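Just so it is clear, none of the values below were taken in a lab; they were calculated from the coordinates. This one's a predicted model, so the numbers in the text were calculated from it and none came from an experiment. Here the Cβ is made from the backbone with ideal geometry for all residues, glycine too, and neighbour counts use every protein chain on show.
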């Protein structure tokens, strides 16, 4: 194992400031709440701001493809801030998972459109699936293919310009891309409206093959490991902000003449929660640094995968606990639409299932740490 | 489902008083602790007192066999008191499980010896097994049989006069009895010295067949259901007494000028624990009453089995939690040999594994409540 | 168990009930409106048999209520649905009969006949668990009292005709001493009701803004300063009677077990164990409630009621959280976030996401789980109360 | 990272260390006893380089301790094993150098040469978490102080020559003000040491009974009434430096993972998930400690230390409890309950039952988990302290 530096770099802190102030100005909690009342709320200004102006769509694109060539750690900081703001930003689905697939498969033209913020892509797998597999039929013919089937609950498929389909495993893996116009993506009302889902139907949809075989399988694995790491960072952001909101509230709110933060039962629960959130933060930073080291050729993908599963399974549970505890500490106010807590609860609960729930992730981790059931 | 009365009967309360005062006089915590220092401490006076004088060895023996013909509910009260006193009393192994087998198989002569308190019996299965199966070879020849094999960790095998062997399942079930002199029972030092275990070896041991086939299988099932119910009652007794000890302590012990029971974090944990212990008590009483109704022909064995698994899986976890919490609330004093808490912790932890840990019991329960995995 | 043996001799009180039922049945005709029929029942003392004669009762013991209900059913007398006036029946009536003067008690008949629907104006943004922190002012003037303030968590306020109200008449004394208890006409000028939107999207409850609302002096229940004492009478009546006789696998566990059975594709050993574990928790809790109801029937009140509320909240939250994971992508579908005002809420009618969100309120409404744990620790276990800093300070001097 | 580049210019302080090491090496001969060699190191200021000259130090900054250790190793100078005098090195020496007069500081050399082994007499049966409740009396007489009382949880008391002692010199003032700090000769008449048997069977710690023990007046450290302040200096030194650089799957998790791997017959999907979940917990906790040690190295102290202690206790207890279930019948075998006095305890050398019982102490020793949660809530999160009733009352008037 390499020595992993866990303290924030100056670049990361600058990036954090940029994305935080962008989200504060363009995606405050009232804006996020408006997506629940009107799913068609216009988010194009926000899209342009993060993807193009701040250049985050190109963050993980290598410099040789005119991207920023940033590290996974830098992307994790962005994701953490998105979690803190429960922002309706397609960073995870388009700029991380889809972009990683496109970069790794050398789909240069697609990478360029994504990096420029001109287009967004979504990987067509069910939001709650532990893998990126689309579960549809892909019939190849040279560089082209035809796709048939339905994928329920695809993250941010509505409004995406390209839908990436993953089929098969190992040497039989195929990754193909379908233009949005050639598929039907029906968005539905989601528990968490800050990350909308859609049912996607492909009916003899024409597709372009981006990769196949072992190379495609490697790309899918890389996108999964990186995606899980970035998602864990988001979950940590949700957890930390929920905790902060609760801490602020209990320091102010008085009942029986004392702040409720002076009651020992509350204090002890907050101490336990602080520990859990702090550990989640450390695990996430560690996973992101290891993934960065792997990207730089200084670490194995096995280690990056292991750390992503540690961070993912841990942060996913902590985020839900933090949002639930924060709501309870707000008492009746926590149950109101007016307070922003519900936005965190909904995001945390939906995030908990993305790329597999915690127990499913632990089952993936088990063989990597030689604690097998059979 | 019949209407189950959950309030104590007068007979039960009288029985409770008798066994409690017997254990207070003959098996206080100093006596129990002495079994850790000298495993050969003489318990014959205690054996005579509960088994013969109080007649508890005959409690579950039908009146037509000169027993007390008591209900499972009455036996559960005895067991609860044994748990409250962490008494080294072979009620569960000999007077409940072995006696139920002998009664159900019509082994009249054995029943009479057991009922009179002249002899004690143990079922030769590993303490932590979810079934009574001995896992040894039994070769029949008419009413006789020969037994070969080793059974690790048999409850109270050392000092038993008869070892009951269970082999096979369904129509292939055989239950046989081996005289202690014909087997080798090596007691070992046990985490919980109030219920000692022994490794038992049968080498061409002559045995008497008590029952075979479906009748034997039914008897084994009945003994398992009743045994689990009685064990759950003991676990509830351990839990309730651990809770009581903690409550007494935190009302007296002062730190920082206040009783530690005045600190809200402690209060809330005690409230949660009170709830769990109270629910365990209700589940145990319910299971015992249903088992009594089944014995009286007014309930099905399926319902008795279901309730025994509810009570068993629940009380087993609660007892460990209660003993652990009680120890923590005693601070440093809880870690000392001088305070009796460790006796409860050790009994609760060992009991947790008897007849299968809680998750194993839940797996047995699942099909009975139509929540199956496959 | 509750039906008397017909052969058995009736007690004097039972006989009084039987006589009243017979008389009411004789006085009831098929042509009467429901309201008129309820009026006949009230006038014969069958509204609340334990209330005094003239207030809708017969002055018999409370334990005869169930007997009276049975007799009424047998005689074909249909009582009004309590759910149409929950606060009226459950909170206003017992409080008014205990503290109201003759004029005030006149409303009892209208409560029973459903002419006057009640709501409750107790909680405030700054007074939740700590009800005695009520800041709504009631200032004496020549016409009575002028009310100003804001109330919250009021159910059915938009349908209510009258309210029971706690307001502060004196800020110079400690907080528990300066409260008074009023009846309030919800149609009076200055009463504004707004739906309070919840995290589920809908508004089961309301905020009520009271701006220069004039109340006649005669609308005060009891004496000035008795508000805390009287409101505790009301809240003690709020405590839901613990069921007993609940079916196995009822409520939320039934819903989630059904989801499990209906969705084999998302089964998983961990989720399986968690579901069975919660099934056992709910069953153990049910048995504790069953025991409590048997104790109550045997005249032995027990402390398990608070425990049942705590267990209910915890189990509902864990189960509804689990159900989402058991539903795959469908667990993330939501039906509607539209701001609606439901007549009543049901945990089983909608989707897993709604149940998950709504169940979060179970550990807050009717006393937070933290307050319940305090109650168990102090009243059941006999542990010391929390340190209080607000007992001897004038309300106006307390930090807000 | 800590070794300096040889090419690099040495600072003045570093040069002083190098000079002292060279001089000590020159003064050390192969014929010397270990004790003599340690004496040479002390006399050259290499015992604790940050201590003043004459007290075993060179008066350089604390950060040079690691540099000095490296230089000594390079020069072949072997320091004494700290584990042979843990309390002497870790607690007594820093306190004595801070508060001791010249005569008292003379013991520093004997601590370093291992001639004087120290133990600590702070906790009492009635003063655990609440150390300021110490009731052991120190009464002034013409020969100094007469000590009476009982101490508990004293490790190595039966091997110790000297103790650091907190006792009460004044009962008329509030509890924190009446304490004083002493050195005590453990061989003095009236000092009785008894092993304190633990739930594991053995006695790692002792009770120490002090009956009319006479202490010279010169054995008091600091002034009368300074005991609380000085003992806090000591306890701050007790805080174990959080490791950093700990290996993955170290300690208890290594043991339990091994048990899993070695016992395929008891595997079960639930126990499996619980083990992997705890593996993840321990790994997350390790990463938090790793980050803390990096922050400390970068001069940014962080609050994670208390969290690491809390997590350690919880994880050890859950893991050791799980290990018993993973071991089947073997989980119930115990090796010995004999009352022994182990030199040191190890979690990995014995059987699962021992680990389960011993780990229960992890949430009590060195500050209970309840105290740690208070510390996190108050010092890290800035929440209010607990209500105190004992701050302004004379010790003699406090309820005991």
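Computed values, structure above
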{"read-out": "Ranked by how many other beta carbons lie within 10 Å on average, peptides C:218-231, C:85-98 from highest", "value": "C:85-98, C:218-231"}
{"read-out": "C-alpha long axis of helix B:10-26 to longest principal axis of chain B, angle in °", "value": "80"}
{"read-out": "Relative counts (whole %) of C-alpha pair distances in the range B:73-125, using bins that are 5 Å wide", "value": "4, 21, 28, 23, 17, 6, 1"}
{"read-out": "Share antiparallel - DSSP beta bridges, chain D, percent rounded to 5", "value": "85"}
{"read-out": "For a label point 7 Å along the Cα-to-beta-carbon line of residue B:296, residues of the range B:1-23 with backbone N under 16 Å", "value": "B:1-13"}
{"read-out": "Taking the C-alpha atoms of the protein assembly as shown, convex hull volume expressed per residue in Å³", "value": "232"}
{"read-out": "Highest to lowest packing among C:358-368, A:355-365, scored as the average C-beta count within 10 Å", "value": "A:355-365, C:358-368"}
{"read-out": "Chain C, relative contact order [Cα under 8 Å, separation at least 6], %", "value": "12"}
{"read-out": "The range B:271-374 - percent relative contact order, Cα under 8 Å, separation 6 or more", "value": "28"}
{"read-out": "Spin-label model distance (nm) - residue C:209 vs residue C:171, 7 Å beyond Cα toward Cβ", "value": "2.0"}
{"read-out": "For the range B:275-314, alpha-carbon Rg relative to the globular expectation (2.2 N^0.38 Å, N residues)", "value": "1.13"}
{"read-out": "Pairwise centroid distance, computed over Cα atoms, of the range B:147-214 with the range C:105-175, Å", "value": "73"}
{"read-out": "Modelled FRET efficiency - R0 22 Å, residue C:267 with residue C:350, Cβ distances, 0.05 increments", "value": "0.40"}
{"read-out": "Teacher prompt: residue D:78 distances to equivalent labels in other copies, 7 Å Cα→Cβ, nm", "value": "10.0"}
{"read-out": "Rounded to 5, the percent of DSSP beta bridges in the protein assembly as shown classed as antiparallel", "value": "90"}
{"read-out": "Largest-first principal axis extents of the Cα set of the range C:32-147 (Å)", "value": "49, 34, 28"}
{"read-out": "Estimated inter-spin distance, residue C:365 and residue B:10, nm [label 7 Å along Cα→Cβ]", "value": "4.7"}
{"read-out": "Förster radius 41 Å - calculated FRET efficiency between residue A:144 and residue A:187 (Cβ-Cβ, nearest 0.05)", "value": "0.90"}
{"read-out": "Shielding score for B:5-12, defined as the mean number of other chain Cβ atoms within 10 Å", "value": "2"}
{"read-out": "Nm distances between copies for residue B:144, ranked from closest, using label points 7 Å along Cα→Cβ", "value": "8.8"}
{"read-out": "Intensity falloff of the range B:33-169 expressed as log10 I(q)/I(0), Debye formula with alpha-carbon point scatterers, at q = 0.11, 0.17 Å⁻¹", "value": "-0.42, -0.98"}
{"read-out": "Gap separating the Cα centres of the range D:330-400 and the range B:88-125, nearest whole Å", "value": "44"}
{"read-out": "Chain C: translational diffusion in µm²/s, Stokes-Einstein, Kirkwood Rh over Cα pairs, 25 °C, 0.890 mPa s", "value": "104"}
{"read-out": "Antiparallel bridge percentage (DSSP; both residues within chain B; nearest 5)", "value": "90"}
{"read-out": "Averaged over A:114-120, number of beta-carbon atoms from partner chains that fall within 10 Å", "value": "0"}
{"read-out": "Overall dimensions of chain A by Cα: Rg and Dmax, Å", "value": "20.4, 75"}
{"read-out": "Extent along principal axes [Cα atoms of the range B:218-289; Å; largest to smallest]", "value": "61, 15, 15"}
{"read-out": "Mean-position separation - Cα centroids, the range B:285-329 and the range C:22-39, in angstrom", "value": "52"}
{"read-out": "Cβ-Cβ FRET estimate between residue D:298 and residue B:41, R0 fixed at 45 Å, reported to 0.05", "value": "0.15"}
{"read-out": "Sequence ranges B:275-286, A:210-221, ranked by mean other-Cβ count within 10 angstrom, highest first", "value": "B:275-286, A:210-221"}
{"read-out": "Relative contact order %, the range C:325-400, counting alpha carbon pairs below 8 Å whose residues are six or more apart", "value": "17"}
{"read-out": "Tilt relative to chain A, helix A:358-368 - C-alpha long axis, 0 to 90 degrees, to 10", "value": "60"}
{"read-out": "Shielding score for B:323-330, defined as the mean number of other chain Cβ atoms within 10 Å", "value": "3"}
{"read-out": "Principal axis dimensions, largest first and in whole angstrom, of the range D:261-400 by Cα", "value": "60, 43, 31"}
{"read-out": "Approximate shape of the range A:244-374 as ellipsoid semi-axes (Cα gyration tensor, √5λ), whole Å, largest first", "value": "35, 15, 14"}
{"read-out": "Helical contribution to [θ] at 222 nm, DSSP H n ≥ 4, -39,500 (n - 2.57), averaged over the protein assembly as shown, rounded to 500", "value": "-13500 deg cm²/dmol"}
{"read-out": "Chain A: angle of helix A:213-252 to the longest principal axis, Cα-based, in degrees nearest 10", "value": "20"}
{"read-out": "Distances in nm from residue C:26 to the matching label points in the other copies, shortest first (labels 7 Å along Cα to Cβ)", "value": "12.8"}
{"read-out": "Gained length - residue B:252 relative to residue B:203, 0.36 nm times residue gap less alpha-carbon distance", "value": "12.0 nm"}
{"read-out": "The range C:93-229: C-alpha pair distances exceeding 26 Å, %", "value": "18"}
{"read-out": "Rounded D (µm²/s) - the range B:1-93, Kirkwood Rh over Cα pairs, Stokes-Einstein at 4 °C, 1.567 mPa s", "value": "91"}
